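Chemist: I have a structure I would like to understand better, so I am pasting it below and will then ask my questions one at a time.
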């Protein structure tokens, strides 16, 4: 994970429990579901990621979180979400 105004993370050599490939698109899809859950679904973590403006996936191994403003606490949010919620395939 790269810290700074634009935190990023690598997903190299990671697979789901069933052996299917894991990519940055899966990370983006999981955070998008937290940020904008389907209608009728409450996201208890939505407020924690409110400072994320956009999520980019320039390649299968890189996730770039662009923030609305500096938020040094967001690194702890990333760790908390990762340890309490699983990343799901984008489909």
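The values are calculated or read from the model by the stated rules, or taken from the named source; none is laboratory data. No experiment lies behind these values; they were computed from the predicted model shown. Positions of Cβ are generated from backbone atoms using ideal geometry, with glycine treated the same way; all protein chains shown enter the neighbour counts.
Chemist: Return a yes/no flag: does the range 34-51 have any residue that is at pLDDT below 85, touching a strand residue (DSSP E or B) at 6+ places or on another chain (Cβ under 6 Å) and not in a helix (DSSP H, G or I).
Modeler: Within the range 34-51, none of the residues are at pLDDT below 85, touching a strand residue (DSSP E or B) at 6+ places or on another chain (Cβ under 6 Å) and not in a helix (DSSP H, G or I).
Chemist: Give me a count of the residues in the range 64-85 that are surrounded by 10 or more Cβ atoms within 10 Å (Cβ to Cβ), at pLDDT below 60 and either part of a loop (DSSP other than H, G, I, E, B) or over 11 Å from the mean Cα position of the chain (by Cα) (or both).
Modeler: So the answer is 1.
Chemist: Looking at this structure, is residue 55 surrounded by 12 or more Cβ atoms within 10 Å (Cβ to Cβ), modelled with pLDDT under 90 and either outside any loop (DSSP other than H, G, I, E, B) or in contact with a strand residue (DSSP E or B) (Cβ under 8 Å, 6 or more places away or on another chain) (or both)?
Modeler: Considered against the rule, which asks whether it is surrounded by 12 or more Cβ atoms within 10 Å (Cβ to Cβ), modelled with pLDDT under 90 and either outside any loop (DSSP other than H, G, I, E, B) or in contact with a strand residue (DSSP E or B) (Cβ under 8 Å, 6 or more places away or on another chain) (or both), residue 55 comes out as no.
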